[in-house]
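The structure appears right after this line, and notes come after that.
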Amino acid sequence: MRIVDALAEAWDRQAGIVYSVAERVNESNRSAKPSPDGGPLDHQLAHIHEVRYYWTSKFSPKHAEGLGDAFLNGWENPISDLDAIRSLLKDSARAVREAFIEGVQNGGGPAGGYDNPVLFLEHMIWHDGWHVGLIFLGLRLAGQEPPEAWEEEHVWGRWRVE
């Protein structure tokens, strides 16, 4: 397997985890917070999309074209439709993947504030993971932490082959 394919597959797994976690956010818990001063769960999801959108627009503007906004006014109020936010997450995941692959195919040089496409992808993975952790904490504090079996299937099991 080529390294670019392995990295794209790692991104796909990461994006799948984010989407699975996004499906745990619903009308009953969307306002839960990971801390008193933290953003609600729906804001965390919208923020993941917006960061992907923003940095993809810097790294490879054509891949960000057509991505919608997950916030109504700036980065303050997420759109109310959770299904629409989840759809945006799928769209931005695809845009990041395509921008990364094209960046590698074009020689892997600097673009959009990144020294190379791998650093762009790593930033997206790191950022997604940070917010997934906050979402899990918010779910826990709301009394809706996913059970271990769910986590194994939808998070940890995506990384391993047993």
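Candidates are the residues of the range 52-74 that are aliphatic (A, V, I, L, M) and crowded, with 19+ Cβ neighbours inside 10 Å; the one that is farthest from ARG86 (Cα to Cα) is ALA64. So, in the range 146-162, exactly how many residues are outside any helix (DSSP H, G or I) and within 19 Å of the chain's Cα centre (by Cα)? Counting residues in the range 146-162 that are outside any helix (DSSP H, G or I) and within 19 Å of the chain's Cα centre (by Cα) gives 3. Scanning the range 104-137 for residues that are part of a helix (DSSP H, G or I) and touching a Gly at 6+ places or on another chain (Cβ under 7 Å) turns up PRO117, PHE120, LEU134. A single entry from PRO78, PRO117 fulfils the requirement of being over 16 Å from the mean Cα position of the chain (by Cα) and either modelled with pLDDT of 95 or more or of a type in the set (D, E, K, R) (or both): PRO117. Apart from one condition, TRP126 fits all of (1) within 17 Å of the chain's Cα centre (by Cα); (2) modelled with pLDDT of 95 or more; (3) surrounded by 13 or more Cβ atoms within 10 Å (Cβ to Cβ); the exception is (3).
Within the range 78-107, the set of residues being surrounded by 13 or more Cβ atoms within 10 Å (Cβ to Cβ) and more than 16 Å from PRO61 (Cα to Cα) comprises PRO78, ILE79, LEU82, ALA84, ILE85, ARG86, SER87, LEU88, LEU89, LYS90. Cβ separations smaller than 6 Å between residues 6+ apart or across chains give the following pairs from the range 81-109 residues that are on the phi > 0 side of the Ramachandran plot to residues that are outside any helix (DSSP H, G or I): GLY108/ASN116.
Rundown of residues vs (1) assigned to a loop (DSSP other than H, G, I, E, B); (2) over 17 Å from the mean Cα position of the chain (by Cα), yes/no style:
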residue: TRP11; (1), (2): no, no
residue: ARG30; (1), (2): yes, no
residue: THR56; (1), (2): no, no
residue: ASN73; (1), (2): yes, yes
residue: ASP83; (1), (2): no, no
residue: ALA95; (1), (2): no, no
residue: ALA99; (1), (2): no, no
residue: GLU102; (1), (2): no, yes
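Across the range 136-146, a minimum of one residue is classified as touching a residue at least 24 places away in the same chain (Cβ under 8 Å) and small (Gly, Ala, Ser).
The values are calculated or read from the model by the stated rules, or taken from the named source; none is laboratory data. Keep in mind that what you see is a predicted model, and the values were worked out from it rather than measured. Don't worry about glycine lacking a Cβ; one is built from the backbone with ideal geometry, like all the others, and counts go over all protein chains shown.
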